[in-house]
Amino acid sequence: MADCGAGQQPAMPVVGYLANSTPSGFAHFVAAFRQGLAELGYVEGRTVAIEYRWAEGRHDRLPGFVADLIARRASVIMATGGSAPALAAKAATTTIPIVFTGGADPVKIGLVASLSRPGGNATGVVNIEVELTTKRLELLRELVPTAALIAVLFNPANPDAERQVVEVQRAAQTLGQQISVFNARSEGQFDAAFAAIVEQRAGALFVSGDPLFTSGRARLVALTAQHAIPTSYSFRDFPLAGGLMSYGADLLDVHRQAGVYAGRLLKGEKPADLPVLQPTKFNFVINQKTAKALGIEVPAKLLAVADEVIE
């Protein structure tokens, strides 16, 4: 290996993978990210090294992880799992290119100047999860029209939570739907949240998009089954794990596109010149087996428009 003295890059470029999640919860997204990198000729262990840092929902770890990746001379930082990792990376460096994924508007939170011309050292792929709130709520109401009260589960530790809450309240008001908001900051708080949801006799549950919930999806889905609560989720991972339904961006494709962008940045393109991408693929998924277990007859028109029906 060539000498890596001061001012020199390592012989093999380093990508820092900064995630506000767990390795097990994001394994399939990492695989999609690697696929995108490989499309540009970067294969982990052969032509690129990837340094993984997992915050596991603890935002206080992020600044230290970013400092470590900078010290290891990362050529690109991939920031994923909500906006917190991207904001931590952006606060720490104005020179290292950053690729981010997330559901928040990157202009509003200060990551980029505009979607078409990011202007700084960050660009990425957004899943516009917040913008899909009204549609998700509409689909849940169509599936469970008898739900007088819909519970909404958020993670208040997420920097995007406040905007998510405002959006779902606005959607509920537009649709004339009564909602009640519940919080969980960790998997350890899931049981208490569900006890409160059951106590209020919610007829259905709307789970916000959050890395904590994605990582803990097996436990969440188990609790919804245990308490027989029809539940809507942001992403396909949940109905695949036994959840009732989801509507949202194709997250595997989002992460693959982020990998492609990381590869382009490694080849010397500038983040300021790469427009922030918005998803082109959305999945409406219904788990018919779960619907039957809950005693729900899925309307034919929903089955007709679903992208995937799990039998």
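Looking only at segment 236-252, which residues are among the small types (Gly, Ala, Ser) and over 11 Å from the mean Cα position of the chain (by Cα)?
At the first step, the residues of segment 236-252 found to be among the small types (Gly, Ala, Ser) are 241-243, 246, 248-249.
Selection gives Ala241, Gly242, Gly243, Ser246.
Just one of Val298, Val260, Val254 is closer than 21 Å to Gly119 by Cβ and β-branched (Val, Ile, Thr); which is it?
Details: Val298 fails: closer than 21 Å to Gly119 by Cβ; Val254 fails: closer than 21 Å to Gly119 by Cβ.
Selected residue: Val260, the only one of Val298, Val260, Val254 that is closer than 21 Å to Gly119 by Cβ and β-branched (Val, Ile, Thr).
Select, from Ala204, Ala184, Ala172, Ala195, the only residue that is open to solvent by 20 Å² or more (accessible area, probe 1.4 Å) and modelled with pLDDT of 90 or more. First the steps, then the outcome.
Details: Ala204 fails: open to solvent by 20 Å² or more (accessible area, probe 1.4 Å); Ala184 fails: open to solvent by 20 Å² or more (accessible area, probe 1.4 Å); Ala172 fails: open to solvent by 20 Å² or more (accessible area, probe 1.4 Å).
Ala195 is the lone residue from the list that is open to solvent by 20 Å² or more (accessible area, probe 1.4 Å) and modelled with pLDDT of 90 or more.
Can we say Pro230 is under 22 Å from Gln288 (Cβ atoms), touching a residue at least 40 places away in the same chain (Cβ under 8 Å), crowded, with 23+ Cβ neighbours inside 10 Å and in contact with a Gly (Cβ under 8 Å, 6 or more places away or on another chain)?
Details: under 22 Å from Gln288 (Cβ atoms): yes; touching a residue at least 40 places away in the same chain (Cβ under 8 Å): yes; crowded, with 23+ Cβ neighbours inside 10 Å: yes; in contact with a Gly (Cβ under 8 Å, 6 or more places away or on another chain): yes.
So Pro230 fits the description; yes.
Are any residues in segment 15-55 open to solvent by 50 Å² or more (accessible area, probe 1.4 Å), assigned to a loop (DSSP other than H, G, I, E, B) and hydroxyl-bearing (Ser, Thr, Tyr), and if so, which ones?
Result: Ser24, Thr47.
I'd like to verify a number: residues in segment 75-86 that are open to solvent by 10 Å² or more (accessible area, probe 1.4 Å) and modelled with pLDDT of 95 or more, how many?
Qualifying residue count, segment 75-86: 1.
Of all residues in segment 110-140, count the ones that are closer than 22 Å to Ile98 by Cβ and either of a type outside the set (Val, Ile, Thr) or out of contact with any Gly (no Cβ under 9 Å at 6 or more places or on another chain) (or both). Before you say what the answer is, go through the steps one by one.
Residues of segment 110-140 that are closer than 22 Å to Ile98 by Cβ, as a first pass: 110-130.
Filter once more, keeping what is either of a type outside the set (Val, Ile, Thr) or out of contact with any Gly (no Cβ under 9 Å at 6 or more places or on another chain) (or both): 110-111, 113-124, 127, 129.
Looking only at that region, the number is 16.
Which ranges mark the helices (runs of 4 or more DSSP H) fully within segment 197-311 that have 1 or more residues being of a type in the set (Gly, Ala, Ser), touching a helix residue (DSSP H, G or I) at 6+ places or on another chain (Cβ under 7 Å) and closer than 24 Å to Phe29 by Cα? Working first, answer last.
On the way: elements: 211-215, 217-226, 237-240, 251-266, 288-293, 300-305.
Once the helices (runs of 4 or more DSSP H) in segment 197-311 are filtered for at least 1 residues that are of a type in the set (Gly, Ala, Ser), touching a helix residue (DSSP H, G or I) at 6+ places or on another chain (Cβ under 7 Å) and closer than 24 Å to Phe29 by Cα, what remains is 251-266.
If you go through segment 131-145 one residue at a time, how many are in contact with a helix residue (DSSP H, G or I) (Cβ under 9 Å, 6 or more places away or on another chain), crowded, with 21+ Cβ neighbours inside 10 Å and farther than 13 Å from Leu302 by Cα? Please lay out each step first, then the result.
At the first step, the residues of segment 131-145 found to be in contact with a helix residue (DSSP H, G or I) (Cβ under 9 Å, 6 or more places away or on another chain) are 131, 133-139, 141-143.
With crowded, with 21+ Cβ neighbours inside 10 Å added as a condition, the list becomes 133, 136-137, 143.
From what's left, farther than 13 Å from Leu302 by Cα: 133, 137.
Count: 2.
Is at least one residue of segment 64-73 touching a Leu at 6+ places or on another chain (Cβ under 7 Å), among the aliphatic types (A, V, I, L, M) and under 17 Å from Leu265 (Cβ atoms)? Walk me through it before giving the result.
Pass one, segment 64-73, residues touching a Leu at 6+ places or on another chain (Cβ under 7 Å): 65-66, 69.
Going one step further and asking which of them are among the aliphatic types (A, V, I, L, M), we end up with 66, 69.
The next check asks that each one be under 17 Å from Leu265 (Cβ atoms); those that pass are 66, 69.
Yes: segment 64-73 contains one or more residues that are touching a Leu at 6+ places or on another chain (Cβ under 7 Å), among the aliphatic types (A, V, I, L, M) and under 17 Å from Leu265 (Cβ atoms).
Report whether or not Val305 is under 25 Å from the mean Cα position of the chain (by Cα) and surrounded by fewer than 18 Cβ atoms within 10 Å (Cβ to Cβ). Working first, answer last.
Values: under 25 Å from the mean Cα position of the chain (by Cα): yes; surrounded by fewer than 18 Cβ atoms within 10 Å (Cβ to Cβ): yes.
Yes.
Applying the selection to segment 81-130, what residues are closer than 24 Å to Gly268 by Cβ, of a type outside the set (A, V, I, L, M, F, W, C) and part of a loop (DSSP other than H, G, I, E, B)?
Answer for segment 81-130, where residues must be closer than 24 Å to Gly268 by Cβ, of a type outside the set (A, V, I, L, M, F, W, C) and part of a loop (DSSP other than H, G, I, E, B): Thr93, Thr94, Thr95, Pro97, Pro106, Ser114, Ser116, Arg117, Pro118, Gly119, Gly120, Asn121.
The values are calculated or read from the model by the stated rules, or taken from the named source; none is laboratory data. Please read these numbers as outputs of a predicted model, since none were measured by experiment. Every residue, glycine among them, receives a Cβ derived from its backbone with ideal geometry; neighbour counts consider all protein chains shown. Areas reflect the complete protein model, heavy atoms only, side chains present, ligands, DNA and RNA absent. Shrake-Rupley method; radii C 1.70, N 1.55, O 1.52, S 1.80 Å.
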